[in-house]
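Inspection log for the structure reproduced underneath, given as structure tokens.
The values are calculated or read from the model by the stated rules, or taken from the named source; none is laboratory data. Because the structure is predicted, anything quoted here is derived from the model rather than measured. Using ideal geometry, Cβ is built from the backbone for each residue, glycine included, and neighbour counts are taken over all protein chains shown. Each accessible area value is taken on the protein alone, full model and side chains, heavy atoms only, with ligands, DNA and RNA left out. Shrake-Rupley method; radii C 1.70, N 1.55, O 1.52, S 1.80 Å.
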Amino acid sequence: MKVAVEGCCHGELDKIYETISYLERKEGVKVDLLLCCGDFQAVRNEGDMKCMAVPAKYRQMQTFYKYYSGEKKAPVLTIFIGGNHEASNHLQELPYGGWVAPNIYYLGYAGVVRYKGIRIGGLSGIFKSHDYRKGHYEFPPYSQETLRSVYHIRNSDVFKLKQIRMPVDVFMTHDWPRGIYNFGCTDELLRKKRFLREEVESGSLGSPAAAELLHHLQPSYWFAAHLHVKFAALVQHEAKGNTTPKTTKFLSLDKCLPYRDFLQIVEIPDRPGSSDQLEYDPEWLAILKATDQIQKPSPSIWYPPENNGLHTRWDYSASEEAMMEVVSDLNGELSIPENFSLTVPAYDPSRPQPNTAPAYSTNPQTTEMCATLGLTDIYILAGQSGQGPGEGGGATEEEDDEDNQSTGSVEEPSEYPSDTSGLSSSYNPDEITIEDEWDEEEGGGGVEKEEEKGCDAVVPEAPAGAQDSDRDSSPLREAAARLILPAPRTESETDDILLSPLALRLPPPSRSTPSSSTGLSQTSSEEEGGAPPARVPKRCSGETKGTKSPTGGTPKIKRRNQSIYTAADDEEES
């Protein structure tokens with residue numbers, strides 16, 4: 001099936017769906033599924049905007065409310081995870097996932113579902129060590145502390161995901177797995193995003209929790225966003241037991257803006273005979289049932305059960321009997337019911353109500369799911385725990401500011417023994433500091449944009465004399481010692497590595513003229529900078545450099561979808 005993967009949505013649903021529709025007409029294809037990797041911004045009304053951690057002047061309604069109200073319906077099934085710019089009060093209603101609008105499904109804090117036989121999992125939020133070991137205690141109205149901490153991932157969700165034993169096809173996170181840049185074209189990444197150099201060199205870029213999940217789950221595809229740059233990598237894992245070694249194809253995409261690689265169509269083989277409806281995953285539901293009693297909506301530190309003599313149980317993986325029990329609970333029906341309903345009034349552009357207070361209410365979908373499976377609605381527990389504004393500790397004002405400039409790193413020692421995040425203080429002007437987004441689009445830095453061809457899944461050669469110690473010492477560094485890297489490839493060789501994308505050729509924007517007939521261009525305001533030393537992987541036998549890809553270049557979306565941006569004013573909305 002053909003899957004459209006989108007980076008940071010930032011509420012631009014109309015433009016994303018219009019782009020998909022244009023590509024379908026242009027190429028004569030049908031997109032079956034859209035995956036969005038965070039910063040979705042499911043804003044229903046003015047009250048929801050007050051629950052987003054963004055500067056006040058960028059709290060704009062965008063277009064999600066049209067799909068929530070029923071004015072429009074998503075033309076393609078959409079599955080998304082949360083990022084760090086979300087209407088958190090809305091998403092908290094659905095801790096185990098659910099429909100935020102007809103045909104638009106949220107995976108929850110963590111979740112796994114099935115579509116056409118493909119297992120799709122995800123983890124919402126970004127990693128911050130000062131909140132990682134807490135429970136989901138936040139509840140509206142948020143304080144300045146909880147407004148940020150609410151979207152920080154928790155070790156309880158990672159613990160649940162680590163109970164998965166069956167193969168996962170696709171996994172999504174908002175921030176990157178720590179050290180994933182070692183498996184792709186680091187030179188190209190640092191040329192586009194030179195402010196990342198310090199974190200790359202210190203090994204602190206990305207989430208150590210996501211790196212741990214990458215090593216454990218070993219999914220076929222891993223999609224991410226957050227850093228607002230297209231980046232591809234290829235990770236070949238060491239075989240577990242007598243199984244065949246698995247390979248993970250990683251792709252991170254940009255935000256939905258002109259000139260940006262925010263969308264890519266991927267072809268993923270489905271399983272014949274499988275349902276074409278979105279389905280629950282029995283293994284995941286069995287894990288949720290098994291771990292229900294160990295999660296606490298508290299700001300207190302929580303440590304996962306271990307085989308250390310202090311816990312009577314530490315393995316919460318799902319047995320076949322437990323999965324059959326879940327199927328029985330659902331009366332043998334795995335299809336996720338289309339039971340969306342409005343829980344708060346939708347925004348009405350003819351009657352703006354800027355003084356609307358943030359809403360916090362239970363969601364019938366969560367209530368029904370909890371009743372069916374015997375789960376606890378942790379959102380209700382958080383409300384009953386009395387964690388109001390200013391309670392429960394949390395980040396300092398300085399940490400709040402840093403959170404708004406986050407590249408997914410951490411700033412204090414974590415439970416990961418080799419965490420090097422304290423070495424990093426890089427500033428991300430593209431991802432979080434929204435005030436600067438349009439300066440960059442206008443070339444505010446005075447850097448002339450160049451036409452260039454990106455490189456996907458390239459592992460750069462290390463300079464002579466480079467040592468392993470020059471690289472990252474993060475948890476993935478330890479895992480990487482057990483991973484077998486693919487051979488470095490040239491740009492042309494890597495064009496067909498990543499997911500067999502469609503060779504899409506869209507017309508250039510009306511205000512720009514591409515320098516080549518293909519229009520496969522890539523632009524960025526961050527240029528310059530060399531790459532830090534990188535490990536030199538062994539070349540797989542039989543491989544040679546310089547082989548031309550039979551499929552041509554990886555599609556670049558940014559300059560070819562401009563026919564849908566009909567006015568310059570559109571750029572000034574985000």
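Can you name the residue in the stretch 322-333 that is assigned to a loop (DSSP other than H, G, I, E, B) and either open to solvent by less than 40 Å² (accessible area, probe 1.4 Å) or of a type in the set (S, T, N, Q) (or both) and, of all such residues, is farthest from residue 362 (Cα to Cα)? Ranking the candidates gives 331 first.
A residue that is open to solvent by less than 10 Å² (accessible area, probe 1.4 Å), touching a residue at least 24 places away in the same chain (Cβ under 8 Å), not basic (Lys, Arg) and not in a strand (DSSP E or B) occurs somewhere in the stretch 232-241. Here is the figure for the stretch 302-323: residues that are in contact (Cβ under 8 Å) with a residue 24 or more places away in the chain and of a type in the set (A, V, I, L, M, F, W, C) total 4.
If the condition is being open to solvent by 10 Å² or more (accessible area, probe 1.4 Å) and part of a helix (DSSP H, G or I), then the stretch 1-28 contributes 14, 15, 17, 18, 21, 22, 24, 25, 26, 27.
Residue-by-condition table, conditions (1) open to solvent by 10 Å² or more (accessible area, probe 1.4 Å); (2) in contact with a Ser or Thr (Cβ under 6 Å, 6 or more places away or on another chain); (3) over 23 Å from residue 8 (Cα atoms); (4) of a type outside the set (Val, Ile, Thr):
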| residue | (1), (2), (3), (4) |
| --- | --- |
| 113 | no, no, no, no |
| 124 | yes, no, no, yes |
| 128 | no, no, no, yes |
| 144 | yes, no, yes, yes |
| 162 | yes, no, yes, yes |
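Pairs are defined by a Cβ separation below 7 Å, a sequence spacing of at least 6 or placement on different chains, a first member in the stretch 266-292 that is in contact (Cβ under 8 Å) with a residue 40 or more places away in the chain, and a second member that is open to solvent by 30 Å² or more (accessible area, probe 1.4 Å) and part of a strand (DSSP E or B); the pairs so defined are 267/2; 279/114; 281/114.
The residue that is farthest from residue 165 (Cα to Cα), counting only those in the stretch 73-104 that are open to solvent by less than 10 Å² (accessible area, probe 1.4 Å) and part of a strand (DSSP E or B), is 101. Among residues of the stretch 123-141 that are touching a residue at least 24 places away in the same chain (Cβ under 8 Å) and part of a loop (DSSP other than H, G, I, E, B), those with a beta-carbon under 6 Å from a residue that is of a type in the set (Lys, Arg) and open to solvent by 10 Å² or more (accessible area, probe 1.4 Å) at least six positions away or on a different chain give the pairs 135/296. Tell me, which residue of the stretch 205-222 that is part of a strand (DSSP E or B) and in contact (Cβ under 8 Å) with a residue 60 or more places away in the chain is least open to solvent (accessible area, probe 1.4 Å)? Only one residue tops the list, namely 207.
Annotation note: Cβ proximity below 9 Å between a residue of the stretch 168-194 that is more than 16 Å from residue 217 (Cβ to Cβ) and free of Cβ contacts under 8 Å to residues at least 40 places away in the same chain and a residue that is among the aliphatic types (A, V, I, L, M) and surrounded by 24 or more Cβ atoms within 10 Å (Cβ to Cβ) (sequence gap 6+ or interchain) occurs for no pair. For the stretch 242-263, the tally of residues that are of a type in the set (Ser, Thr, Tyr), touching a residue at least 24 places away in the same chain (Cβ under 8 Å) and either surrounded by fewer than 16 Cβ atoms within 10 Å (Cβ to Cβ) or in contact with a strand residue (DSSP E or B) (Cβ under 6 Å, 6 or more places away or on another chain) (or both) stands at 3.
Scanning the stretch 326-359 for residues that are without any contact (Cβ under 8 Å) to a residue 60 or more places away in the chain and touching a Lys or Arg at 6+ places or on another chain (Cβ under 8 Å) yields a count of 1.
Within the stretch 142-152, being assigned to a loop (DSSP other than H, G, I, E, B) and of a type in the set (D, E, K, R) holds for one residue alone: 145.
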